[in-house]
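The values are calculated or read from the model by the stated rules, or taken from the named source; none is laboratory data. Keep in mind that what you see is a predicted model, and the values were worked out from it rather than measured. Here Cβ is always computed from backbone atoms with ideal geometry, including for glycine, and neighbour counts include all displayed protein chains. Please note that ligands, DNA and RNA were not included when accessible areas were found on the heavy atoms of the full protein model with its side chains. Shrake-Rupley method; radii C 1.70, N 1.55, O 1.52, S 1.80 Å.
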Amino acid sequence: PVDKAVLIEAVKLAGRAPSVCNRQSGRVYLTQDRERIDKALALQHGASGFSEQVPALMVVASDLRTFVGFTERNQPYVDAGLFGMHLLHALHYYGLGACPLHWCVQPHRDQALRELLDIAPQHAIAFLIAAGHLPETLRVAASPRLPEQDILIGR
């Protein structure tokens, strides 16, 4: 189990993340309930290799009420991404392992997660984070990182 106070401290630290026009739209839904975690990850369909080892699940969302008009349609996800990145770093800072999990699902799955975790309709779900203590040793996939010349355009 993960001490809830540590998770709260990580969210507090993530709350310092930059946001679009300083609107601070980032929101987090947390569950440590085994049944809810299992149901949520079954809806997510990307953590099947380790879902039973996830003691804390966080849903990163953005409050749509902080944005106006269709021209800002992407901003909730930009804000949630910035906030979520800081949350991932904060979880690692506090000694936890954390894995971002996509939330690219059909509307009925989105609705099911909203009902399961009582997610407000004005909160756009961006992605999930599995968090927990890491074992002493573990195997992870090694993904080579792109060199800067493939990333930086217009040198």
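For the reader, a short list of remarks on this structure follows.
- Segment 64-155: C-alpha gyration tensor shape, a/c 1.5 cut-off, then a/b vs b/c: oblate
- Overall form of segment 44-109 per C-alpha gyration tensor (a/c, 1.5; a/b vs b/c): oblate
- Which of 3, 63 is most accessible, then next, and so on - probe 1.4 Å: 3, 63
- Set of segment 92-112 residues, backbone N closer than 13 Å to the point 7 Å along the Cα-Cβ line of residue 53: 97-99
- Mean residue ellipticity (222 nm) of the chain, computed from DSSP H runs ≥ 4 via -39,500 (n - 2.57), nearest 500: -11000 deg cm²/dmol
- Most to least accessible of 58, 85 (protein chains only, probe 1.4 Å): 85, 58
- Note on residue 12: accessible area is roughly 140 Å² with a 1.4 Å probe, heavy atoms of protein only.
- Reducing segment 59-97 and segment 115-134 to their Cα centroids gives an inter-centroid distance of 11 Å.
- The length gained by stretching the chain between residue 138 and residue 23 to full extension, at 0.36 nm per residue less their Cα-Cα distance, is 37.5 nm.
- Looking at segment 1-93, the pairs of alpha carbons with a distance over 22 Å make up 36% of the total.
- Ordered by 1.4 Å accessible area with all protein chains kept, 109, 16, 139, 34 run largest first as 139, 16, 34, 109.
- Shape of segment 101-155, Cα gyration tensor, a/c cut at 1.5: oblate
- Taking label points 7 Å from Cα along the Cα-to-Cβ direction, residue 77 and residue 45 give a separation of 1.7 nm.
- Evaluated with a Cβ-only charge set (Lys, Arg +1; Asp, Glu -1), segment 46-155 carries a dipole of roughly 180 debye about its Cα centre, given to the nearest 20.
- Residue 104-residue 4 FRET efficiency (beta carbon distance; Förster radius 22 Å; 0.05 resolution): 0.15
- Two-site label geometry, residue 34 and residue 145: point separation in nm, points 7 Å out along Cα→Cβ: 3.8 nm
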